[in-house]
Amino acid sequence: MIHRTPLDKWILSKMSKTLPSANLSQSELEYYQLGKLKETIDYAKSRSPFYKGYLKHFTRDGLTCLEDMRRLPLTNSEHVEGRAPEFLCVSQSEVQRIVTLRNLQSSQGTRRIYFTASDIEQTTDFFHHGMSTLVEPGQRVLILMPGDRPDTVGDLLVKALERMDVEGIVYGFVMDPADAVQKIKRQEIDAVVGVPTNTLSVARHEDSASIGRGRIKTVLLSSDYVSPAIIREFERIWGCRVFNHYGSTEMGFGGGVECQAFSGYHMREADMFFEIVDPNSGELLEPGELGEVVFTTFGRQAMPLIRYRTGDLSKILSGPCPCGSPLTRLDRVRGRIPDFVRLGQNHWLGVPDLDDALFCVDKLIDYQASLICRNNQPQLDIIVDTGSSHKRQILERIRQSLTQTVALKNAIEEGAVSIGSVSFGVVRKPESSSFKRKIVDLWNLSG
Ligand SMILES: [Zn+2]
């Protein structure tokens, strides 16, 4: 039996504070959100030097429906980098926590995100209700994230779990998987929260079999992308259910969490408004269209964010969830936009898609993918590194696997791309340890 997401009740209780007779429906939620958006705009414009200038042509009267939000300019991490103090809407003394994020791609360097005690309470409240999707009173949760300092993610999770009579135990990132396995056994852990590959290092450790299938009932993975192969691995080794959480520091650490139907994230919609925009043009997209996740915060005191671009690729899922919720959901995030290339108007191909399609082929060590222009048509060329094994069947297997990948199959059928050459070669990586695989895009550049 699939339990309905606990977030529905929580969202309704928050809506009821301003709309006492509210019912939980998409239209009433939208009415509530419209009111909250107006409050956010008023608040930000009156208190933050950045928004005062940035939104000077926009007043709350310009907002008659949610669609009107498209008229507000988008914001992004570059606005925050170096200018964070201009976003601040409270005095420094009211700031309880500052998180500094480093951007490796930008010369600007760092961006600061500020939170008041009330902002932090909003997050703890979300963690409390979100976690009740996957844990029950009396259980123990091992948190494989930092939590030694006040108001870090681990610390807030412990506080949130206490509210539902669940014991949260902070372990921190795993350096020694064998030690984490011992901890799980000794403390009789029921659920694990962590980031995907670090948590997988525990499940895949040779001692992990001694935990016994069924000991760990649920795992919550928090990340902007989780490969289906990683989820299957947890299910196989621990016999557990794997839930995804989606969030970022800018969202106040939490954004949304899957329900027991695993059909997209139920979002924190009483605290935030989510949109999907075209990553190139910034235009608002319809439900079902893939694009960049953009959010606006409600009631955030220190640093409200308005139409903030996340860089994450996803889409809105309309219609009721199999769990019974009537609200729209956000599809599982496909990854970070810089890791994707565009195929035609409606399709995106990313490193995660190719990893899923190619690493299941036996002998494959690495690959290099390029989208090139051939006879004025986009074609995908693949060079595969299979060590000393150069059998023709491998190339046929790769071609077949590529054409069956959902992301490519639809794009090929619609003529947005075709598979070009698939050949053997040695894939050279730069020396840098931060190297990430990338699809070389010579098509969109030439267009
Ligand atoms: Zn659901």
Stokes-Einstein translational diffusion, the stretch 123-162 - Kirkwood Rh over all Cα pairs, 1.567 mPa s, 4 °C, in µm²/s: 126
Fraction of beta bridges assigned by DSSP in the chain that are antiparallel (%, nearest 5): 60
Of all accessible heavy-atom area on the stretch 319-447, the percent that carbon and sulfur account for (1.4 Å): 50
Accessible area of the stretch 7-109 belonging to carbon and sulfur atoms, whole % at 1.4 Å probe: 48
Net charge contributed by nearby residues that have their C-beta within less than 9 Å of I276 (K/R +1, D/E -1): -4
Packing-based order for 387-395, 113-121, 358-366, using average beta carbon neighbours within 10 Å, highest first: 113-121, 358-366, 387-395
Distance between the stretch 290-327 and the stretch 184-224 - C-alpha centres, whole angstrom: 29
Per-residue [θ]222 nm for the chain (sum of -39500 (n - 2.57) over DSSP H runs n ≥ 4, rounded to 500): -9000 deg cm²/dmol
For the stretch 169-327, accessible area per residue (1.4 Å probe, heavy atoms of protein chains only), Å²: 33
Alpha carbon centroid spacing (whole Å) that separates the stretch 76-154 from the stretch 334-348: 28
Cβ charges +1 (Lys, Arg) and -1 (Asp, Glu), total dipole of the chain, debye: 360
Rounded to whole Å, sorted largest first: equivalent-ellipsoid semi-axes of the stretch 340-446, Cα gyration tensor: 22, 17, 13
Solvent-accessible heavy-atom area per residue, rounded to whole Å², over the stretch 1-121 at 1.4 Å: 56
Additional length obtainable on full extension of the chain from R149 to S210, 0.36 nm per residue less Cα span: 18.8 nm
Computed E for T18/R186 - FRET, C-beta separation, R0 30 angstrom, nearest 0.05: 0.05
Carbon plus sulfur fraction of accessible area for the stretch 134-258, probe 1.4 Å, in percent: 47
Beta bridges per DSSP with both ends in the stretch 134-258, % antiparallel, nearest 5: 10
Mean shadow area of the chain over all directions, Cα convex hull, nm²: 23.5
Principal axis dimensions, the stretch 134-258 - Cα atoms, whole angstrom, descending: 36, 29, 27
1.4 Å probe accessible area per residue over the stretch 340-446, in Å²: 57
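The values are calculated or read from the model by the stated rules, or taken from the named source; none is laboratory data. Predicted model only: the values in this text are computed from it and were never measured. Note that each Cβ is placed from the backbone with ideal geometry, even for glycine, and that neighbours are counted across all protein chains shown. Ligands, DNA and RNA are stripped out before the accessible areas are found, and what is left, the full protein with its side chains, is counted by its heavy atoms. Shrake-Rupley method; radii C 1.70, N 1.55, O 1.52, S 1.80 Å.
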